1. Identify the single condition in (1) surrounded by 20 or more Cβ atoms within 10 Å (Cβ to Cβ); (2) touching an Asp or Glu at 6+ places or on another chain (Cβ under 7 Å); (3) in contact (Cβ under 8 Å) with a residue 40 or more places away in the chain that N184 does not satisfy, given that it satisfies every other one.
2. Can you name the residue in the range 338-355 that is without any contact (Cβ under 8 Å) to a residue 24 or more places away in the chain and part of a loop (DSSP other than H, G, I, E, B) and, of all such residues, is farthest from the chain's Cα centre (by Cα)?
3. Could you list, in sequence order, the residues of the range 446-473 that are farther than 16 Å from W436 by Cβ and of a type in the set (A, V, I, L, M, F, W, C)?
4. Do we find a residue being modelled with pLDDT of 95 or more, out of contact with any strand residue (DSSP E or B) (no Cβ under 9 Å at 6 or more places or on another chain) and either within 16 Å of the ligand (Cβ to nearest atom) or assigned to a loop (DSSP other than H, G, I, E, B) (or both) anywhere in the range 155-166?
5. Could you grab the pairs with beta carbons closer than 8 Å, sequence gap of 6+ or different chains, first residue in the range 250-265 and closer than 15 Å to V320 by Cα, second one surrounded by fewer than 24 Cβ atoms within 10 Å (Cβ to Cβ) and small (G, A, S)?
6. Looking at this structure, is L113 more than 16 Å from the ligand (Cβ to nearest atom) and surrounded by 18 or more Cβ atoms within 10 Å (Cβ to Cβ)?
7. Out of the residues in the range 364-390 meeting the condition of being buried (at least 24 other Cβ atoms within 10 Å of the Cβ) and farther than 30 Å from V450 by Cβ, tell me which one is farthest from the ligand (Cβ to nearest atom).
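The values are calculated or read from the model by the stated rules, or taken from the named source; none is laboratory data. Because the structure is predicted, anything quoted here is derived from the model rather than measured. Here the Cβ positions follow ideal geometry from the backbone for every residue, glycine too, while neighbour counts run over all protein chains shown.
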Amino acid sequence: MRISACTNFLLLAPILCLLSCAEKKEEITPDGAAVIPADLVMINGGIYTVDADRNWAQAVAILDGVIMAVGDNSEIESMTGPETRTIDLAGKMALPGFHDAHVHPTMGGYALLGCDLEGLDSVGSIISKVTLCAGEADEGWLEGHAFDLGLFGQDGPHKSLLDAIDTKRPVVLWGSDGHNAWANSRALELVGITADTMDPALGVIERDPDGSPSGTLRETAQELVRVKLPALTLESNVEALRTGIRHLNSVGITSFIDAWVGLEDYQSYQVIDQSGDLTARVVTSLTYESGFAKHYGDDFEQVLASRGQYESERINHDSVKFFLDGVLEGETAALLEPYVGMHGHRGELILSPEQLDEAVTRFDSMGLQVHMHAIGDRAVRAGLDAIESARKQNGATDNRHHISHLQLIHVDDIERFAALETAANFQATWAYPDQWIMELNLPVVGEERVQGMYPVGSVKRAGGRIVGGSDWNVSSANPLEAMETAVRRQDALKETGPVLNQGERVGLAGMIDAYTINAAWLMHQEDSTGSIEIGKKADFVVLDRNLFEIPATEINEAQVSLTLLDGEVVFVGSGPVN
Ligand SMILES: [Zn+2]
């Protein structure tokens, strides 16, 4: 009671607190009013508030996890008392805590706890790591996570590379894109995938010329292996999720959208929340029934109907995820014009436009947010069409739908994001000409479509709301890496390099918006997070340098010194502030 009364009051009059806050030690001002000193103040900073005028401030005061004042040092220091903790930012930059609008924290956590292949940039380094992970054991599945498919050609990696490792264990490596698995011969044998095995619906078993499986399993073909693995337990899911969330806090993230959940994830979040250490605000997107349902056997409708019992102040499950298509690598993304040299093949939509329209209209009428995976321009159009159709039937709602990935958007659809109030959820770390694009995508879509990829600048100029998502552990969770890539359209980890359509570059301020206030809006949190303003939650990230005062090539090198949620420190980096 005390907290809410105090919080409400703070919205109206930030400093003075009357009877309801009596337990706090009051001080008396010269005019006789009772002043509650701040719990915490941060001074001497470069505080980028992301308020409506994008003001800067020097200091903030926090009481009961809420921002009670934003100003200069002298204003804020007058709000301290004997018990107030002071953090001297020593000129460092503070921003609203980052919001990641598309991330997979449990998968990322499993990768961190297991055989993590993220970021390994040669076949040799992957094989060395897997050899190390295989160790001495001679039985039991070995899973590796997040290998880079871009290192392999159009046919994907071959089982013989894994067979050469001196182990008897069945090995399966999951691609960082979530759409491709790589298995050794022992794994294929155990699962029973042979030359006679048919491709499953919406899946591909890559094959050698003699028809035998080559080791690469695409889309739903991955499930042939996944179902044979030891079942994950609630305990292991919770450990992975905790690990994932800690990692997100370490890169300054305080709010995120978990982009692919099932009932087990509802349960994991609840366990962590009830233990009092859920250190982020979360929206989750329950996967709609399709070839990519996260957990086979769960009844989607039942799980959806049960979501309320798993929600809390920090957890909101009012979002449903659709996969509209696959990916360009593997030619499963749905295109308006055919793939190059593939006899008119345009990829398939996972749901027909009619099915999609009907489902989106229904969820929209239920007050749910729809979160869509769309890579190809035909999938993006189908997604926008479905939202338009829901609009026509339901009228305007406040559900704040969004489309993630957006590798190709037809030029006629660019303006529709603004018109339909649909957020454009870009994974900006992908927006440079890497091996995926140049070696896997270019041959199948051609130069013109490559130049149009990830049109962040065009959507923004057309008034669309850009939100930022990492898709970790598909790619790095670090928002600064995504911001730098969006600003430069070059590999953020290199000083120079080829540029992917410089006309699509956007400014740093726009990308900070994408990772703060815009994503806060998407999460229905813009009244409480996303900017540093009186009455909002005290969620902050403190960086070791001011992003606006360094060359763009250094943005991703900035280090997180501190992350705070509700005024509590949830991550301390190396070389922390005092
Ligand atoms: Zn994803």
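1. All conditions are met except number (3).
2. Within the range 338-355, the match that is farthest from the chain's Cα centre (by Cα) is H343.
3. V456, V459, A462, I466, V467, W472
4. Yes.
5. G262/A293; L263/S306
6. Considered against the rule, which asks whether it is more than 16 Å from the ligand (Cβ to nearest atom) and surrounded by 18 or more Cβ atoms within 10 Å (Cβ to Cβ), L113 comes out as no.
7. A390
Let's see how each residue does on (1) within 16 Å of the ligand (Cβ to nearest atom); (2) in contact with a Leu (Cβ under 9 Å, 6 or more places away or on another chain); (3) closer than 24 Å to V283 by Cβ:
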site: P433; (1), (2), (3): no, yes, no
site: M438; (1), (2), (3): no, no, no
site: L442; (1), (2), (3): no, no, no
site: E447; (1), (2), (3): no, no, no
site: A462; (1), (2), (3): no, no, no
site: L480; (1), (2), (3): no, yes, yes
site: R488; (1), (2), (3): no, no, no
site: P498; (1), (2), (3): no, no, no
